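For reference, the structure is listed below as structure tokens.
Every number here is computed from the coordinates shown, using simple stated rules; none is lab data. Note that the structure is a prediction, hence the values are computed from the model and not measured. Note that we place each Cβ from the backbone using ideal geometry, even for glycine, and neighbour counts take in every protein chain shown.
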Amino acid sequence: MRSESKGKSTLRAGKPRRSAVKSKTPPKAVAKARPGAKAERATAKAGSLLVDERIRSLGGWRAETLAKVRRLIHEADPEILEECKWIKASNPLGVPVWSHAGIVCTGESYKQVVKLTFARGASLADPRRLFNSSLDGNMRRAIDIREGEVLDAGAFKALIQAAVAENLR
């Protein structure tokens, strides 16, 4: 059954009637302005300081390994950003994260290994077989570095560059 209107306008339930009087309050801003270059540099510097503190807190071979990895990451991509994420009571310094158009990799330390997890590692070619952990996942892949192991610097830099390129696609 259709009801036909004869020139009369009817209100539908749930739709409020619009006022003919305009509001005197200005409309709210939809989006905040993007921070300037100065703010971005300050944020990047703060992130680097947190990563510095995280490395210092480790001490021993794990600190040396994470510091070396960090240097290689910056050599592979000088524009990469670093910060510490997932800060919580059980991990007050957080997890070092390197990003360029998305997360490239994270650097976690455990008692026996320093673990470098690549967010989109499953989609990266790994001809030198650096990935040796988290191989069953659909997205991530990881590199576990144990005390005394040496990371192939050239292959690692190529992996970082491939991860950045994948993020930029």
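At most 15 other Cβ atoms within 10 Å and a DSSP loop assignment: could you name the GluC sites (Glu not before Pro) in region 121-169 that fit?
On the way: sites: Glu147, Glu149, Glu166; in loops: Glu147, Glu149.
Those that pass, being in a loop and sparsely packed, are Glu147, Glu149.
Please arrange Cys105, Cys84 by counting, for each residue, the other beta carbons lying within 10 Å of its beta carbon, fewest first.
Fewest-to-most Cβ neighbours within 10 Å comes out as Cys84, Cys105.
Show me the chymotrypsin sites (Phe, Trp or Tyr not before Pro) within region 53-137 that DSSP assigns to loop and that have at most 14 other Cβ atoms within 10 Å of their Cβ. Present the calculation step by step, with values, prior to reporting the outcome.
Details: sites: Trp61, Trp86, Trp98, Tyr110, Phe118, Phe131; in loops: Trp86, Tyr110, Phe131.
When the chymotrypsin sites (Phe, Trp or Tyr not before Pro) of region 53-137 are filtered for loop state and at most 14 Cβ neighbours within 10 Å, Trp86, Tyr110 remain.
Taking other residues whose beta carbon is less than 9 angstrom from the beta carbon of His100, and scoring Lys, Arg as +1 and Asp, Glu as -1, yields -2.
Using amide H atoms built in the peptide plane, which far-off residues or other-chain residues are under 5 Å from Arg141 H to H? Those qualifying (amide H under 5 Å, at least 5 residues apart or on another chain) are Phe118, Gly121, Ala122.
Modelled this way, with points 7 Å down the Cα-to-C-beta line, the labels at Ala122 and Asn167 are 2.0 nm from one another. Rounded to the nearest 0.05, the FRET efficiency derived from the C-beta distance between Lys88 and Glu64 at R0 = 35 Å is 0.85. Subtracting the Cα-Cα distance of Leu151 and Tyr110 from 0.36 nm times their residue separation leaves 13.0 nm of extension gain.
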